[in-house]
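Structure record follows, encoded as structure tokens.
The values are calculated or read from the model by the stated rules, or taken from the named source; none is laboratory data. As the structure is a prediction and not an experimental result, all values here were calculated from the model. Virtual Cβ from ideal backbone geometry, glycine too; neighbours counted across all protein chains shown.
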Amino acid sequence: MSDPDEGKTGELTLYGRSVSRGVTVGTALCLYGAKRQYYRREIGSEDLDRENGRFSSAVLAAKEQLSEIASADGGDGNQARIFETHILFLEDLSLLRQIETMIHDQRVNAEWAVKTVIDKYVTRYKSLSDRHLQEKYIDLEDVGERILTALGGGGENSYSLDSDTVIIAKELNPSTLIELSRKHPAAVVTESGGWTSHTFILARELELPAVTGIRQLLRSVETGEKIVVDGYGGKVILRPAEDTLEKFRSPEKETAAAGSGSVDPEAALETLDGFQITLRANLDITRDFTAAARSGGKGIGLYRSEFLFNQFRGYPSEDEQYESYLRIAEEANSHGIRIRTFDLSINRVAVGIDGREKNPALGLRGIRLSKRYEAEFRTQVRALLRAASMHSISIVLPMISDCEEVKWARKIVSEEKARLDSEGLEHGDPEIGVMIEVPAAVLSIDRILEEADFVNIGTNDLVQYLLAVDRDNEEVADWFRTVHSSVLKSLRIVLDAARSKEKGALVCGEMAGSPLYVPILLGLGAREFSMNINSLPRVRSLVSKIAVEECEEALEEIELLPDGDERDEGIRRIFQEKWGGLVDFDSLLSFRRR
Ligand code: PEP
Ligand code: MG
């Protein structure tokens, strides 16, 4: 990776990792903030009162939250003392005035003024010699983040982007990307975030070129600067010279076989040796399904319902969910839709929890959070049951690690059915499946299959948990090895168990949409795949041109390879020899080395 301080004038190329294909020449827009992300925005004098009003309401909301948290601790514990210190910051008139003055004098948005003034205070605290005072900067940063989060509550966000905007951020939240996507940005570049992080799953769904893994990016780029994003080569070029711009304005097209054109949506897909394969689409945002149907997508294999959370800024009501599920199910064709119940972590639903879970991926999330927030789970179940009276809808439970969790969810579903009956409301009888993404679920698959109607195999989390590699952390991306022997063994266990119990098994992680992994999955016995709509044509085209028998042979060779780089290289060689005429595996691997 390049040194960001290497000259701030003239062309500079920074290397990272491609996470979504495409090339863009655009203008940088730097985003700041963790939970709530924002940028510097100039406002007109007519908006000054509104902006100051937003700021005062945010301070008030932050104070209320803190008082609530402090009193929840009994009012005399350590936590209470910390939060009382935070309240004192929110009552510091000099701090508040400086922020108001900045909004007024510089005509900037409240977020920018909060960030600038808090940063100034933080620098001052850090330079103090008294250790105790010096450490106050941590509290101040916390307070700043709380005000910024409160500034995002309620009302429309005021993002307004030019059509060539390249979003630059340390890490981009999926919710921010969803909001920004309504203004059609041109590309995304971040310091961190992995191939399977939701942000980049979305970027690929939105067909936005994206590059990640560029260290200290925000120190190198400024809002308004020209930037080239090369989502094939995994690099960005800052302050590009005219001849560089020329080159990237007419980029070479990707060489991998794309597979395009429309197919009969009802036509069966078969491998060369006659195995029937089903392809479905993953959906995160409500989107026209016709493109998926045109590419032979048979319904929606995974709808991540937690994305509704962004739209409604919190738990949507039963009716809001019911309407949304109906809308999405109408889009899908007669093959139906699998809706996953909210796969959220505690910090998304409760105020003041940020930072309290050291390992959120191992914390109160998915089905565990549903058990803690049972009323909200029941609301979702009711909405799903009602929508299932009109459409073919199945329910998928996330983050399952034992069969008791499935039994618990089934019990709730039957209780809510009985309640709907007693209220005279129509409901369907959806199948209930589970996500297999936790290693414990792999090892207890036989018991889980006694309770579940089908399984959705989530390879993104399965790889993360098997290899103990954070899927969102670019620093450990080299350890995120999708073809690690433990991953392939786990997949075989699940696929074999499902087949012997005659239950459906759908692979729906990012692995299912890659021509690099599809032959491996076919060799392991997978027959159902669900993927990003844009991946459907390529996967469909490849599947129709290869034989399962060849995939099994290739897998036998792969299984002899040791884990690590040698395995990746071996796969490239084996695939290039077998199917090099169909897909350019070399370029696929150089695009993404995992
Ligand atoms: C997975 O874990 O593979 C999956 C499909 O779910 P998500 O990416 O939403 O965690
Ligand atoms: Mg998952």
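In table form, for the structure just shown:
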| quantity | calculated |
| --- | --- |
| Boolean, D496 is touching a residue at least 12 places away in the same chain (Cβ under 8 Å), under 19 Å from W195 (Cβ atoms) and surrounded by fewer than 23 Cβ atoms within 10 Å (Cβ to Cβ) | no |
| Selected residue (only one of G509, G570 is buried (at least 22 other Cβ atoms within 10 Å of the Cβ), of a type outside the set (A, V, I, L, M, F, W, C) and either within 22 Å of H484 (Cβ to Cβ) or not assigned by TED's automatic domain parsing to the domain that holds R294 (or both)) | G509 |
| Conditions (1) in a helix (DSSP H, G or I); (2) of a type in the set (D, E, K, R); (3) away from ligand 1 (no atom under 16 Å from the Cβ); number of the one not met by D429 | (1) |
| Of residues in segment 432-469 being aliphatic (A, V, I, L, M), near ligand 1 (Cβ under 10 Å from one of its atoms) and part of a strand (DSSP E or B), the one surrounded by the fewest Cβ atoms within 10 Å (Cβ to Cβ) | M435 |
| Residue count for segment 488-525, restricted to those that are over 17 Å from F575 (Cβ atoms) and more than 19 Å from the chain's Cα centre (by Cα) | 19 |
| Any chance E141 is part of a helix (DSSP H, G or I) and under 28 Å from the mean Cα position of the chain (by Cα) | yes |
| Index of the failed condition, T482 passing every other in (1) more than 15 Å from ligand 1 (Cβ to nearest atom); (2) β-branched (V, I, T); (3) assigned to a loop (DSSP other than H, G, I, E, B) | (1) |
| Leading residue by the ranking (nearest to R538 (Cα to Cα)) among those in segment 571-587 that are within 30 Å of the chain's Cα centre (by Cα) and without any contact (Cβ under 8 Å) to a residue 24 or more places away in the chain | D586 |
| Some residue of segment 149-170 being surrounded by fewer than 20 Cβ atoms within 10 Å (Cβ to Cβ) and at pLDDT 90 or above | yes |
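For (1) surrounded by fewer than 17 Cβ atoms within 10 Å (Cβ to Cβ); (2) modelled with pLDDT of 85 or more; (3) over 21 Å from L202 (Cα atoms); (4) not assigned by TED's automatic domain parsing to the domain that holds S392, each residue gets a yes or a no:
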| position | (1), (2), (3), (4) |
| --- | --- |
| T244 | yes, yes, yes, yes |
| V263 | no, no, yes, yes |
| F275 | yes, yes, yes, no |
| R287 | yes, no, no, no |
| A292 | no, yes, no, no |
| F307 | no, yes, no, no |
